[in-house]
1. If ILE61, ILE3 are ordered by their accessible area, calculated over protein heavy atoms with a 1.4 Å probe, which sequence runs from highest to lowest?
2. Any chance you could run the full-extension gain for VAL27 through THR11? It's 0.36 nm times the residue separation minus the Cα-Cα distance, nm to one decimal.
3. Express in nm, to one decimal, how much length is gained between SER36 and GLN63 on full extension, taking 0.36 nm for each residue of separation and deducting their alpha carbon distance.
4. Would you work out which of LEU35, LEU4, GLN64 lies farthest towards the positive end of the dipole of the chain, given +1 charges on the beta-carbon of Lys and Arg and -1 on that of Asp and Glu, about the Cα centre?
5. Using a 1.4 Å probe on the protein chains only, how many percent of the accessible area of the chain belongs to carbon and sulfur?
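The values are calculated or read from the model by the stated rules, or taken from the named source; none is laboratory data. The structure displayed is predicted, hence computed values, not measured ones. Cβ: placed from backbone, ideal geometry, glycine included. Neighbour counts: every protein chain shown. Ligands, DNA and RNA are excluded from the accessible area calculation, which covers all protein heavy atoms including side chains. Shrake-Rupley method; radii C 1.70, N 1.55, O 1.52, S 1.80 Å.
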Amino acid sequence: MTILQLPVPATTAERFQTLSAQQQTLVSQLVADCLSEPTSLTDVMDYVSFKATQRGLTPDILQQLLDEE
């Protein structure tokens, strides 16, 4: 596995660091999956939505996460 560095806002990096190891792995897998094939932004967003739903993210949970910001 290769480590990829992405520029993100400091708050995003801090938020990622507070995730559990399992959550960090899921985010990393999601990014890897999204970048594995060239696709449009819409395709990536649809894929992210599909995978998040598959992994149990509901609109209510998403709203709770967004409200924590």
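1. The residues order as ILE3, ILE61, largest area first.
2. Full-extension gain reported as 4.2 nm.
3. Answer, rounded to one decimal: 6.9 nm.
4. Of the options given, the answer is LEU4.
5. 60
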